[in-house]
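A.B. asks: For reference, the structure I am asking about is given below.
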Amino acid sequence: MNDHRKLIVLGLNEALARGAILLTIPSTDDRSEEHGHFMTELAGRPSVVMWSDIGYGELRVSVWWDYDHSNHPQANMTGNSRENFTTSRPLAKRSHYPKFVGATASGWLERKTGKHLQGKGSQGIFDTYLRRDLKNALQAVPTPSPKGYNAEGKFFI
């Protein structure tokens, strides 16, 4: 499995275990899972898992792995400059990433025509980043088993 896809599967498994998101499309009355985030530990590293409803029964799922909020240059700013965990990648310039995040990855969870992360391998995975010193650590993470969905599937454009 692609290393960045592994991170998304780990994050999605945790979100499902917490009941933060569902594999079924919620009714229009229940918009509680429209977007959200939580901090957790994935593969032994502090992480942030985020999701956002993008319509058509799909969710964007993003994971920031080996994340240290105290070192984020926009952690304590105000207004729109403050990191609020609503985008697929950190608000800080990419040149600052090595200070506070080890890896990032985002993908789309299909729930309408099937239960799967869209694409195969690296296809459908976006906003990826991997700090050089964590390449071997991420490769060493055991391939996770998706919980109730497939790790790969049809990619919708």
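A.B. asks: Based on C-alpha coordinates, I'd like the Rg and Dmax of region 61-115, in Å.
C.D. replies: 13.3, 41
A.B. asks: Given a 1.4 Å probe and heavy atoms of the protein chains only, how would you sort Lys6, Lys93, largest accessible area at the top?
C.D. replies: Lys93, Lys6
A.B. asks: May I pose another question? Using the Cα atoms of the chain, I'd like the radius of gyration and the largest Cα-Cα distance, Dmax, both in angstrom.
C.D. replies: For the chain, the Cα-based Rg and Dmax read 15.0, 45 Å.
A.B. asks: In region 1-74, what GluC sites (Glu not before Pro) fall in a loop by DSSP, with at most 16 other Cβ atoms inside 10 Å?
C.D. replies: Passing sites in region 1-74 are Glu34.
A.B. asks: Which residue, chosen from Leu10, Gly102, Gly55, occupies the Cα position most advanced towards the positive end of the dipole of region 1-144, where the dipole is computed from +1 (Lys, Arg) and -1 (Asp, Glu) charges on Cβ about the Cα centre?
C.D. replies: Result: Gly102.
A.B. asks: Let me ask something additional. Compute the length gained on full extension between Arg94 and Ile25: take 0.36 nm times their separation in residues and subtract their Cα-Cα distance, giving the result in nm to one decimal.
C.D. replies: 21.5 nm
A.B. asks: Could you tell me what percent of the accessible area of the chain is made up of carbon and sulfur, with a 1.4 Å probe and every protein chain present?
C.D. replies: Heavy-atom surface of the chain belonging to carbon and sulfur, 1.4 Å probe: 48 percent.
A.B. asks: When only Cα pairs under 8 Å and 6 or more residues apart are kept, what is the percent relative contact order across the chain?
C.D. replies: RCO, the chain: 25 percent.
A.B. asks: Turning to a different aspect of this structure: Please tell me the relative contact order of region 56-104 in percent, rounded to the nearest whole number, where contacts are Cα pairs under 8 Å and at least six residues apart.
C.D. replies: This gives 50 percent for region 56-104.
A.B. asks: Next up: Specify which residue in the list His35, Asn136, Asn150 is farthest towards the positive end of the charge dipole of the chain, using unit charges on the beta carbon of Lys, Arg (+1) and Asp, Glu (-1), about the Cα centre.
C.D. replies: Working it through, the farthest residue towards the positive pole turns out to be Asn136.
A.B. asks: Given a 1.4 Å probe and the protein chains all in place, what does the accessible area of Met77 round to, in Å² to the nearest 10?
C.D. replies: Its accessible surface works out to 80 Å², give or take rounding.
A.B. asks: With every protein chain left in place and a probe of 1.4 Å, what is the accessible surface of Ser122, to the nearest 10 Å²?
C.D. replies: About 80 Å², rounded to the nearest 10.
A.B. asks: Which net charge results for the neighbourhood of Glu14, defined as the other residues with beta-carbon distances under 11 angstrom from its beta-carbon, given Lys and Arg at +1 and Asp and Glu at -1?
C.D. replies: Net charge around Glu14: +1.
A.B. asks: Would you tally the net charge around Gln123, using a Cβ to Cβ cut-off of less than 11 Å, leaving Gln123 out, and scoring K and R as +1, D and E as -1?
C.D. replies: +2
A.B. asks: To the nearest 20 debye, what charge dipole does the chain have about its Cα centre, counting +1 at the Cβ of each Lys and Arg and -1 at the Cβ of each Asp and Glu?
C.D. replies: 460
A.B. asks: For every helix of n ≥ 4 consecutive DSSP H residues, a contribution of -39,500 (n - 2.57) applies; sum these over the chain, divide by its total residues, and give [θ] at 222 nm rounded to the nearest 500 deg cm²/dmol.
C.D. replies: Counting only the DSSP helices, I get -4500 deg cm²/dmol.
A.B. asks: Beyond a 28 Å Cα-Cα separation, which of these cross-linked pairs lie in this structure: Lys99/Lys147; Lys112/Lys147; Lys6/Lys154; Lys93/Lys135; Lys6/Lys112; Lys99/Lys154?
C.D. replies: Beyond 28 Å between Cα atoms: Lys99/Lys147; Lys99/Lys154.
A.B. asks: Note down the accessible area of Thr113, probe 1.4 Å, to the nearest 10 Å².
C.D. replies: 100
A.B. asks: Quote the charge dipole size of region 57-121 about the Cα centre in Debye, to the nearest 20; the model charges only the Cβ of Lys and Arg (+1) and of Asp and Glu (-1).
C.D. replies: Around 220 debye, computed over region 57-121.
A.B. asks: Could you give the length gained on full extension between Arg132 and Phe38, defined as 0.36 nm per residue of separation minus the Cα-Cα distance, in nm?
C.D. replies: 31.3 nm
The values are calculated or read from the model by the stated rules, or taken from the named source; none is laboratory data. Just so we're clear, the structure is a prediction, and the values are computed from it rather than from any experiment. So basically every Cβ, Gly included, is an ideal-geometry build from the backbone, and we count neighbours across all protein chains shown. Note: areas computed on protein heavy atoms with side chains; ligands, DNA, RNA excluded. Shrake-Rupley method; radii C 1.70, N 1.55, O 1.52, S 1.80 Å.
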